[in-house]
Amino acid sequence: MRQLSDDIVITEGNAAFQTVMGALDAEAPVRLVVCGPAGSGKTTVLQARGRERDLLAERKALYAHAQEILAAIDLEINESLLESVAEVDLLCLDGLDTLVAEGPRGCQTAQLLVDERNRRGLSTVIAFDGAPADLDRAAFGAALDDFEVAEVLPLDAAGLAEFGRRMAERFGAEEGAAVLSDEALAYLAADFAGSADEMRNAVRFLLTARGFEAGHVVTAADAREALAG
């Protein structure tokens with residue numbers, strides 16, 4: 001069965017994702033803040049690491065968005081989530097920037113959670129929309145003092161082409177799908193898709209929604225014409 005991690009493309013510009021994917025197996029607690037612009041793959045990688053399940057593994061991971069945690073606190077619901085984010089072996093926490101936007105209340109929530117996890121010696125990976133220089137560690141007390149801060153960049157053309165190939169494998173497995181040629185992938189990566197999301201949507205459209213016959217090999221010219229309409 002295909003996993004979310006099968007779609008992750010590691011490049012020089014996002015090498016920190018390798019640390020995220022290996023965090024559950026690390027001997028020492030992993031404490032990492034991944035910074036980068038929207039569309040750089042942070043959420044995808046945190047979800048891949050936090051949501052994949054190995055029923056035989058002793059250590060467990062969990063993906064949670066900061067706004068889920070705030071809602072659980074404000075509405076006094078989902079106590080199991082609040083317990084899990086404090087106790088799980090690896091927490092993949094998305095949306096730290098949204099807590100910053102909440103002001104002191106949001107920052108204090110993050111501080112209390114991370115302090116507790118640090119006290120327990122657990123691994124925590126956090127995603128922050130923005131550059132490392134935009135992250136004010138002092139806003140969280142000493143909670144992030146021992147965290148490594150790494151910056152990731154959106155995929156370049158080569159990375160987008162590889163991501164497109166993996167998307168073609170995913171969507172091409174559907175019944176009645178067309179086939180994406182290498183030249184079409186190169187066109188999408190160099191001249192059409194500016195992000196992984198745009199590449200994913202373009203490949204899905206060309207292989208399953210455009211109306212090409214099953215097995216039709218989509219050329220660069222086909223892709224250019226179809227996406228221009």
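Entry remark, the stretch 16-36: residues being of a type in the set (Asp, Glu) and assigned to a helix (DSSP H, G or I) number 1 in total.
Scanning the stretch 208-225 for residues that are hydrophobic (A, V, I, L, M, F, W, C) and at pLDDT below 95 gives 209, 212, 214. When the stretch 145-180 is filtered for residues that are more than 23 Å from residue 45 (Cα to Cα), surrounded by fewer than 17 Cβ atoms within 10 Å (Cβ to Cβ) and outside the structural domain of residue 10 (by TED's automatic domain parsing), the ones remaining, listed by number, are 174, 175, 176, 179. Of the listed requirements (1) farther than 30 Å from residue 93 by Cβ; (2) assigned by TED's automatic domain parsing to the domain that holds residue 62; (3) of a type in the set (Val, Ile, Thr), residue 218 misses just one: (2).
From the list 62, 81, 70, the lone residue that is free of Cβ contacts under 8 Å to residues at least 40 places away in the same chain, surrounded by fewer than 20 Cβ atoms within 10 Å (Cβ to Cβ) and not in a helix (DSSP H, G or I) is 62.
On the stretch given as the stretch 34-54, residues that are in contact (Cβ under 8 Å) with a residue 60 or more places away in the chain and basic (Lys, Arg) total 2.
Taken together, the criteria exclude residue 162 from residues that are in a helix (DSSP H, G or I), at pLDDT below 95 and out of contact with any strand residue (DSSP E or B) (no Cβ under 6 Å at 6 or more places or on another chain).
Taken as a whole, the condition of being closer than 20 Å to residue 30 by Cα, touching a Ser or Thr at 6+ places or on another chain (Cβ under 7 Å) and either among the aliphatic types (A, V, I, L, M) or not in a strand (DSSP E or B) (or both) does not apply to residue 113. When 13, 50, 106, 39 are checked against the criterion of being in contact with a Ser or Thr (Cβ under 9 Å, 6 or more places away or on another chain), in the same structural domain as residue 139 (by TED's automatic domain parsing), in a helix (DSSP H, G or I) and closer than 29 Å to residue 165 by Cβ, a single residue qualifies: 13.
Restricting the stretch 116-144 to residues that are among the hydrophobic types (A, V, I, L, M, F, W, C) and under 20 Å from the mean Cα position of the chain (by Cα) leaves a set whose member that is surrounded by the fewest Cβ atoms within 10 Å (Cβ to Cβ) is 131.
The values are calculated or read from the model by the stated rules, or taken from the named source; none is laboratory data. Note that this is a predicted model, so its numbers are computed, not measured. Every residue, glycine as well, gets a Cβ built from its backbone with ideal geometry; the counts of neighbours run over all protein chains shown.
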